[in-house]
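Peer 1: Sharing a structure with you now.
The values are calculated or read from the model by the stated rules, or taken from the named source; none is laboratory data. Bear in mind the structure is a predicted one, so any value in this text is a computation, not a measurement. Don't worry about glycine lacking a Cβ; one is built from the backbone with ideal geometry, like all the others, and counts go over all protein chains shown. Each accessible area value is taken on the protein alone, full model and side chains, heavy atoms only, with ligands, DNA and RNA left out. Shrake-Rupley method; radii C 1.70, N 1.55, O 1.52, S 1.80 Å.
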Amino acid sequence: MKILMVLTSHDQLGNTGRPTGFWLEEFAAPYFVFRDAGIELTLASPKGGQPPLDPKSDLPENQTPAMARFKKDAAAQKALANTLKLADMKAEDFDTVFYPGGHGPMWDLAESPASIALLEAFYNSGKPIALVCHSPGVLRHVTYQGAPLVKGKHVTGFTNGEEEVMQLTKVVPFLVEDELMRLGAIFEKKANWEPFSITDGRLITGQNPASSTSAAQALLKLMAELSTSSVQTGEKTYEMPPREGFSIAHFLTVADVDRSARFYEKVFDGRILSKGDSEGAPAYLQIANTWLLVNPGGGPTPDKPTVTLSVPDPNKISSFMNIRVADIQACYKLWKSRGAEFITEPIPKYGEIRCYIRDPDHRGRTEHSAEVRIIFQKD
């Protein structure tokens, strides 16, 4: 598993002339939670290099075991001193992202186009995101399907009461609690400085520095659940096998297992469980509550080195998957934008609206087309 941790590069506390930056506990505690779990970690910040440390976070009264461990760990210190530039990070290279807090993120990460785009890319691709303390405020401009990502979600973050104790209510550019509520989030909190984190779907938020460990642990738990028993398609999570009802398996024979598996992963939000092997084992994919087994063996054979493909005819289908969708026009546009090759647009057929798509890698062993026709019907 690969996790990206994003820290602030901002070092000035508004116009006070005082320094700020990231909060050490909010980095150190999650860092060791992840590293002890064998996670491959990458650290990034807007400017790259050493992120600024909020000196208050390192006062004697704020020391924690994770901070003490960090100060004795040369590898951790080196990693922190050499963060990569945030603009160079891509969601496709990681499984999830974690944002430590501190006051700094409220000035740079909250307004950073690179950060906003990155968080949206993670979330839009079905991946979880986690933020702690002030960092949930970084979501203020992040949207999902045209609305604030946090709208209607249970979240937490640094509270108004905690900011008052810090005597920075009039200094920060916005209050995390107020901002999240303004965006339509359902804000929850515990007493000042108590550990508290919330998981709502693929969004994890932690209230304060003491919540850093629980937020990191919640992220690992969610990742484990998603990787072993379910697949995320848009905002819905599908279990396999489902708790109720039954699942369906489809079998396809293709010329290039890896290429076809990647096609279903990209177009239909499928999750590749296995890409097969050199012994001829099929690739296994999960698409919602459906198994898809992609077998090697399609295409030309030694006795028939050429394959002549006929013009696709929806009325003469050699093999097919029949998938029902709620909004056929929306699915047609989405999957076409992802590279799907449709044989027909949505058309009236058999008393309903249907469209047909071609698996680009499914080829028969005969001199005629034996391609899969995937029929999409309005549910």
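Peer 1: Protein chains only, probe 1.4 Å: how do Leu220, Leu273 rank by accessible area, largest first?
Peer 2: Of Leu220, Leu273, the descending order of accessible area is Leu273, Leu220.
Peer 1: Leaving out ligands, DNA and RNA, and with a 1.4 Å probe, what % of the accessible surface on the range 133-189 is carbon or sulfur?
Peer 2: Whole-percent figure for carbon plus sulfur exposure: 49.
Peer 1: Taking a 1.4 Å probe, which of Glu40, Glu188, Glu26, Glu61 shows the most accessible area, and what order do the others take after it?
Peer 2: Glu61, Glu40, Glu188, Glu26
Peer 1: Count the net charge of all other residues whose Cβ sits under 14 Å from the Cβ of Met166, scoring Lys and Arg as +1 and Asp and Glu as -1.
Peer 2: For residues surrounding Met166, the net value is -3.
Peer 1: Keeping all protein chains in place and using 1.4 angstrom, which order do Asp93, Asp88, Asp269, Asp54 fall into by accessible surface area, from largest down?
Peer 2: The ranking, largest first, comes out as Asp88, Asp93, Asp269, Asp54.
Peer 1: Holding the Cα-Cα limit at 32 Å, pick out from Lys72/Lys275; Lys151/Lys190; Lys153/Lys336; Lys153/Lys349 the pairs that are longer than that.
Peer 2: Pairs exceeding the cut-off: Lys72/Lys275; Lys153/Lys349.
Peer 1: Next question. Can you tell me how the range 1-131 classifies by the Cα gyration tensor, rounded, prolate or oblate, using a/c under 1.5 as the rounded cut?
Peer 2: Because a/c hits 1.5 or more and a/b fails to exceed b/c, the range 1-131 counts as oblate.
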